[in-house]
Amino acid sequence: MFDFHLHPARLPHPEKLIGAFKAADYCFVAIACEPWEWEAVSTMDTNNKAFGIHPMVAMQVSEDDFKKLEGYLRSDPSASVGECGLDKRYPGYGENGMQEAVFMRQVELARDLRRNLQIHCVGDYGRIVALLKAAKFPDAAGLSGSAKFSEVARLSGSANSVPRPVFHRFGGDAGIVRAALPMGAIFSLHADSFKKKSTLAAIPLIPEQNVRFETDADETTFATKENTFAGDGRGAANGDAAAEYGVEQVVQSLKERWLATKSLWDNLKV
Ligand SMILES: [Zn+2]
């Protein structure tokens with residue numbers, strides 16, 4: 001089981017969870033998408049981390065934050081960049097706006113450091129693809145087209161030396177799948193990926209080796225009436241939130257969510 005997008009620092013009992021995940025053979029990409037979360041995830045005893053700036057905080061980041069972000073990435077050569085991207089629910093979404101600027105800096109970081117890029121998109125997937133092309137990601141890292149991509153992957157023998165765009169919680173259509181596959185894109189599917197008609201029609205076009213599954217679990221996953229956060233429910237450390245959920249219960253629940261998502265995909269195939 002490999003959860004391709006998880007926010008361990010936002011879950012209940014984060015320090016105990018890491019050991020419980022290991023004991024349960026639950027592997028994951030640990031996503032950290034704002035400064036407090038970088039700090040928390042950087043010290044966790046786990047592989048496969050990602051450090052980035054989420055569009056929800058794009059208006060708040062400083063030059064100093066970018067320096068810190070690059071520092072975390074350079075000190076962990078296997079880390080991905082992200083999650084980052086565009087989200088129409090947050091300020092700065094417009095064309096040439098702040099979200100775009102913050103995203104592009106991270107695309108360039110991923111390109112230059114040769115890292116996978118975890119992409120968040122609520123809104124225009126076409127704009128994301130256009131921005132990746134404008135930044136020549138991942139082409140400028142020595143790739144062009146799917147044929148060359150697989151050749152490089154074969155020669156390097158290591159997934160990490162070939163940077164790939166990862167469409168997290170994928171919600172795009174068939175056109176996006178066709179445009180992104182030649183970039184070596186990975187499509188990380190969430191239960192929500194199976195809700196939209198146009199995405200449902202696109203998923204069967206994705207080759208199996210480009211498909212992953214995720215829970216995107218964070219502080220909202222185990223929120224109850226008592227501990228629901230104000231606003232959109234994100235951006236705060238979870239503290240004692242959802243403490244009524246024991247460590248084993250959290251692991252079990254995530255396993256069930258991951259398996260349920262995978263079976264949605266299995267059922268779509270037949
Ligand atoms: Zn996320």
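The values are calculated or read from the model by the stated rules, or taken from the named source; none is laboratory data. Quick caveat: nothing in here was measured; it's all calculated off a predicted structure. Neighbour counts are summed over all protein chains in view; Cβ atoms, including those assigned to glycine, are modelled from backbone coordinates with ideal geometry.
Please work out which one of (1) modelled with pLDDT of 95 or more; (2) surrounded by fewer than 16 Cβ atoms within 10 Å (Cβ to Cβ); (3) within 16 Å of the ligand (Cβ to nearest atom) is the condition ALA191 fails and give its number.
Against the list (1) modelled with pLDDT of 95 or more; (2) surrounded by fewer than 16 Cβ atoms within 10 Å (Cβ to Cβ); (3) within 16 Å of the ligand (Cβ to nearest atom), ALA191 comes up short only on (2).
In this structure, does ALA32 turn out to be within 14 Å of the ligand (Cβ to nearest atom), crowded, with 17+ Cβ neighbours inside 10 Å and free of Cβ contacts under 8 Å to residues at least 60 places away in the same chain?
yes
Would you confirm whether or not the range 70-91 contains a residue that is part of a helix (DSSP H, G or I), closer than 23 Å to SER188 by Cβ and within 16 Å of the ligand (Cβ to nearest atom)?
Within the range 70-91, not a single residue is part of a helix (DSSP H, G or I), closer than 23 Å to SER188 by Cβ and within 16 Å of the ligand (Cβ to nearest atom).
Step by step: first the residues of the range 212-232, then only those that are among the aliphatic types (A, V, I, L, M) and surrounded by fewer than 17 Cβ atoms within 10 Å (Cβ to Cβ), then the one that is modelled with the highest pLDDT. Which residue is that?
ALA223
Within the range 182-212, how many residues are out of contact with any strand residue (DSSP E or B) (no Cβ under 8 Å at 6 or more places or on another chain) and among the β-branched types (Val, Ile, Thr)?
Summing the residues that are out of contact with any strand residue (DSSP E or B) (no Cβ under 8 Å at 6 or more places or on another chain) and among the β-branched types (Val, Ile, Thr) in the range 182-212 gives 1.
Could you please find all residues in the range 130-158 being out of contact with any strand residue (DSSP E or B) (no Cβ under 7 Å at 6 or more places or on another chain), part of a helix (DSSP H, G or I) and at pLDDT 95 or above?
ALA130, LEU131, LYS133, ALA134, listed by residue number.
Go through the range 1-29 and give me each residue that's away from the ligand (no atom under 16 Å from the Cβ) and under 18 Å from TYR72 (Cβ atoms).
ILE18
Please verify whether ALA185 is of a type outside the set (Asp, Glu), within 17 Å of GLN118 (Cα to Cα) and modelled with pLDDT of 95 or more, treating the condition exactly as stated.
Here the answer is yes, as ALA185 does meet what is asked.
If LEU268 satisfies all but one of (1) part of a loop (DSSP other than H, G, I, E, B); (2) modelled with pLDDT under 95; (3) farther than 30 Å from ALA23 by Cα, what's the number of the condition it fails?
For LEU268, the failing item is (1).
I'd like to verify a number: residues in the range 72-87 that are closer than 16 Å to PRO35 by Cβ and crowded, with 24+ Cβ neighbours inside 10 Å, how many?
5
Of the residues in the range 42-52, how many are within 16 Å of ARG74 (Cα to Cα) and more than 12 Å from the ligand (Cβ to nearest atom)?
Going through the range 42-52 one residue at a time, the tally reaches 6.
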